[in-house]
Amino acid sequence: MNVQEKQVANLLGASALLVAGVVRDAVTGAVGAGGALAEALIAIKDQPGRTADWLGTVLGISQPGTAHLVRRLTEQGWVVRGSQGRARPLRLTAEGERVAARALAARQSALEELVGRLTDEQREHLVSIAAALLGPEARSEHRLAGLCRLCDRGSCPECPVYDGWRRASCSG
C-alpha cells in the first residue's frame, strides 16, 4: 500500500468517525438517550413485529443486553410486546413513533448540514462511493437491517444496501 492509499484509508476512517459522532449527537439529543435505545426505536419502526432476538442480532448486543434494552423501551412507553405463541413481537407505541420520527429528523438535519459542505459533483461522487462500499456488505437480512438501523428508508428510493442484499440472496 502506497502513501496515497494509506491517506485515503485514513481519511475514510476519520470521516466515518465524524459522521458517526454527528449522527450520535443528533439522535441522542432528539431521543434524550443515546446508543442502542435510539437505534432500537428506528429498527423497530422500520420493521415492526420483529422479536427481541432479531433486535439483539441487528444491534449486535447480547441477550441480557437486549432484554435490558427492551425493558427500558417499554418503561419509557415507546414499545409494546405482543404475543404470538412463543414469539413476542415488538411494536412502537404512538409515543415511540413520535420519538423515532424526531430522531430520524434530527439525524437527517445533521447529515444535510454535513453534505451541505459538498458541491453537487462531490455529492454525486459520494452516492457512488457509498454504494460501492455499502452494497457488498449486505450479505444477510440481519446485516441489511444492521447497516440501515438508523436509516430513514424513504430517503433512498434506490438503496444500495438493499440492492446488495437482493443481489446476494439471488446469487446464493
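The values are calculated or read from the model by the stated rules, or taken from the named source; none is laboratory data. Because the structure is a prediction, the values reported are computed rather than measured. Backbone-built Cβ (ideal geometry, glycine too); neighbour counts: all protein chains shown. Areas reflect the complete protein model, heavy atoms only, side chains present, ligands, DNA and RNA absent. Shrake-Rupley method; radii C 1.70, N 1.55, O 1.52, S 1.80 Å.
Annotations
- Residue in region 42-58 that is within 17 Å of Gly154 (Cα to Cα), hydroxyl-bearing (Ser, Thr, Tyr) and in contact with a helix residue (DSSP H, G or I) (Cβ under 8 Å, 6 or more places away or on another chain) present: no
- All positions within region 34-61 that are of a type outside the set (Val, Ile, Thr), open to solvent by less than 20 Å² (accessible area, probe 1.4 Å) and either touching a Lys or Arg at 6+ places or on another chain (Cβ under 7 Å) or closer than 20 Å to Ser109 by Cβ (or both): Leu37, Ala38, Leu41, Ala43, Ala52
- Identity of the residue in region 122-172, in contact (Cβ under 8 Å) with a residue 24 or more places away in the chain and in a loop (DSSP other than H, G, I, E, B), that ends up surrounded by the most Cβ atoms within 10 Å (Cβ to Cβ): Ala138
- Of note, Gly82 does not satisfy the criterion of being of a type outside the set (A, V, I, L, M, F, W, C), at pLDDT below 95 and within 21 Å of the chain's Cα centre (by Cα).
- Residues located in region 82-121, provided they are open to solvent by less than 80 Å² (accessible area, probe 1.4 Å) and among the hydroxyl-bearing types (Ser, Thr, Tyr): Thr93, Ser109, Thr119
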